[in-house]
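One structure is given below, encoded as structure tokens.
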Amino acid sequence: MTPVIEGWFTTGAEPRLLASRCTRCSNVVFPPVSSAAGAAAFYCRNPACDGQEQDSVELSRRGRVWSYTDAQYQPPAPYQPAGDPFQPFALAAVELPEGLVVLGQVADGYGVSDLKVGTEVELVVETLNVDETGERTIYRWKPIAGQEASA
Amino acid sequence: MSVVITGAGMHPWGKWGRDFTEYGVHAARAALADAGIAWADVDLVVGGETVRNGYAGYVAGSTFAQALGWNGARIATSYAACATGAQAIDTARARILAGMSEVALVVGADTTPKGFLAPNAGERWNDPDWLRFRLLGMTNPAYFALYARRRMDLYGATSEDFAQVKVKNAKHGLANPYARFRKESTVAEVLASPVVCDPLHLLDICATSDGAAAVVLTSADYAKRHGIASPVTVAAVSTVTPTFPNTVIDMPLLATDSSAVTGVPERTFKEAIGQAAYEEAGIDPSEVDVAEVYDLSTALELDWIEDLQLCKRGEAEALLRAGDTTLGGRIPVNPSGGLACFGEAVPAQAIAQVCELTWQLQGRAEGRQVEGAKVGITANQGLFGHGSSVILSV
Ligand SMILES: [Zn+2]
């Protein structure tokens with residue numbers, strides 16, 4: 001199992017997203033600014049700050065749904081479907097305590113009927129697709145058990 | 001000094017796959033004929049660059065100038081994704097205001113591929129427009145669906161409301177000779193079409209089209225000297241970019257800025273686009289008679305109505321249900337039929353909005369006229385921070 005992209009999330013029992021934090025003003029950015037992925041130098045996005053140094057920080061595991069949808073048709077390449085025939089999947093934009101909204105797929109087995117604006121979710125890591133190197137993993141949002149989704 | 005539109009012209013929207021130059025020349029000649037100005041008198045051509053999913057395509061300014069026959073005019077090419085046309089108009093306006101141009105021709109034209117807009121080939125692990133497909137399978141309609149679902153959960157919008165936007169726009173476009181789809185629609189028909197991205201059905205989402213639009217801009221003084229009838233004043237062209245932090249998720253990005261350091265801004269990006277236009281024009285939202293907004297989805301039209309301050313946040317459904325946004329209502333929206341009837345031809349679309357408002361303010365929008373319209377506003381937003389809103393007045 002290999003993350004489909006390097007440096008965006010940790011794995012293990014309690015995975016977390018990784019962000020870049022400006023060392024001068026503390027503004028955090030996701031996806032992280034990775035020169036390994038070909039990014040130019042880090043430039044802080046805060047117009048009042050000219051910071052060019054960043055630390056890698058973990059974001060909160062839990063957040064609340066800003067909005068959500070699903071993909072009922074197979075998206076075009078470079079999306080690689082997990083299997084054949086294509087299985088629809090849900091997507092959620094999640095507001096984190098760090099003040100940003102992060103898009104992600106919703107965990108396997110959950111659909112739009114399990115979600116509402118405001119639903120609490122947590123980060124999990126699951127298989128996105130399988131290629132010649134094996135399983136490629138991605139972060140996903142999973143509704144926290146015990147919530148009334150229809151509340 | 002002010003800048004006026006002296007002529008507007010379009011090539012009908014459709015799907016033929018021919019060279020975009022053909023559509024552009026047709027629209028350009030129609031606009032020049034409408035203005036009664038000879039091509040030889042044009043001293044500036046601004047072309048809206050053709051695009052393939054957010055990437056620059058062809059050098060449009062010189063393409064159109066060459067196709068019309070080199071006349072020595074200066075040229076410029078604008079690229080601002082869906083907002084390309086407005087930026088092209090802004091460039092032409094600036095040169096006229098600076099006294100560096102008398103007659104400017106602005107042209108946008110495109111031909112588009114079938115199906116979902118997909119990114120260009122090749123692996124680009126640092127490009128959000130590639131990563132959103134590779135990592136998340138996040139298509140354009142999925143972004144539209146996020147905004148639509150939020151309206152449902154926050155403001156009580158229903159699928160029937162979204163369908164009603166389509167029904168309204170389909171009716172508006174019936175008499176528009178430039179619209180690609182000219183057929184009435186029903187709520188039942190929209191709801192029976194397949195769900196693409198919940199809650200949006202296929203008929204809630206606009207198609208991609210071939211098409212072209214052009215306008216001729218001159219100074220008000222030039223129009224007067226040449227006895228041009230009923231010029232329309234360009235009261236504002238807003239092409240603002242976002243202000244940090246941009247806290248609404250924007251296509252094709254995977255996350256918003258963080259508001260933790262600076263707090264949530266007073267206005268969202270889309271609200272700021274319209275506000276900048278109102279301030280530049282010195283016009284209040286209550287003075288607007290007609291609006292052409294970018295209905296990439298039915299639900300997005302409702303967002304724009306609020307972003308342009310034509311009603312309060314969360315009240316667009318009430319406006320729609322009361323018939324206020326229908327022809328004959330208080331503030332008709334998309335009398336042209338909008339993208340619902342046109343489908344999107346990216347570099348032409350913002351210019352097409354301006355063509356429609358020009359004809360509306362001249363009282364020439366046959367079969368879809370907003371009676372007595374004096375002030376009109378357009379709005380759209382392009383990928384990567386391109387805003388556009390144009391206010392016209394007579
Ligand atoms: Zn900083």
Lysine pair number, Cα distance threshold 24 Å (strictly under), chain B, separation 8 or more or different chains: 20
Beta bridges per DSSP with both ends in the protein assembly as shown, % antiparallel, nearest 5: 80 percent
Mind checking the dipole of chain B: about its Cα centre, +1 per Lys or Arg Cβ, -1 per Asp or Glu Cβ, Debye to the nearest 20? 600 debye
Ellipticity estimate at 222 nm from DSSP helix runs (n ≥ 4, -39,500 (n - 2.57)) divided over chain B, nearest 500: -10500 deg cm²/dmol
Please give me the summed charge of the neighbours of B:LEU320: other residues whose Cβ is under 9 Å from its Cβ, Lys and Arg +1, Asp and Glu -1. -2
Considering only chain B, percent of DSSP beta bridges that pair antiparallel, nearest 5: 70 percent
Taking chain B as the reference, fit the longest principal axis to its C-alpha atoms, fit the long axis of helix B:84-97 to the helix C-alpha atoms, and give the angle between the two in degrees, 0 to 90, nearest 10. 40 degrees
Once label points are set 7 Å from the Cα along Cα→Cβ at both B:SER230 and B:LEU174, what is their separation, rounded to one decimal in nm? 2.3 nm
For chain A, rounded, prolate or oblate, judged on the Cα gyration tensor with a ≥ b ≥ c (square roots of eigenvalues), a/c < 1.5 rounded, else prolate if a/b > b/c? oblate
Determine the sum of side-chain charges near A:ARG24: Lys and Arg each +1, Asp and Glu each -1, restricted to other residues whose C-beta is under 9 angstrom from that of A:ARG24. -2
Electrostatic dipole magnitude of the protein assembly as shown [Cβ: Lys, Arg +1; Asp, Glu -1; Cα centre; debye, to 20]: 780 debye
Can you pull the one-decimal nm distance between simple spin-label points at A:ARG62 and B:ALA98, each 7 Å off the Cα toward Cβ? 5.7 nm
For an R0 of 56 angstrom, estimate the FRET efficiency from the Cβ-Cβ distance between B:ARG364 and A:ASP131 and round to the nearest 0.05. 0.45
Which three lengths, in whole Å and largest first, does the range A:62-143 cover when its Cα atoms are put on their principal axes? 37, 24, 20
Pull out a ≥ b ≥ c, the square roots of the eigenvalues of the alpha-carbon gyration tensor of the range A:18-58, then state rounded if a/c is under 1.5, prolate if not and a/b is larger than b/c, and oblate in the remaining case. oblate
Convert each backbone phi in the range B:22-32 into a coupling constant with the Karplus relation 6.51 cos²θ - 1.76 cosθ + 1.60 (shift: θ = phi - 60°), then list the ³J(HN,Hα) values in order as whole Hz, x for Gly and Pro. 4, 5, x, 5, 4, 5, 4, 5, 5, 5, 5
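A short reminder: the numbers here are calculations on the coordinates, not readings from a lab. Computed from a predicted model, the values in this text were never measured in an experiment. Every residue, glycine among them, receives a Cβ derived from its backbone with ideal geometry; neighbour counts consider all protein chains shown.
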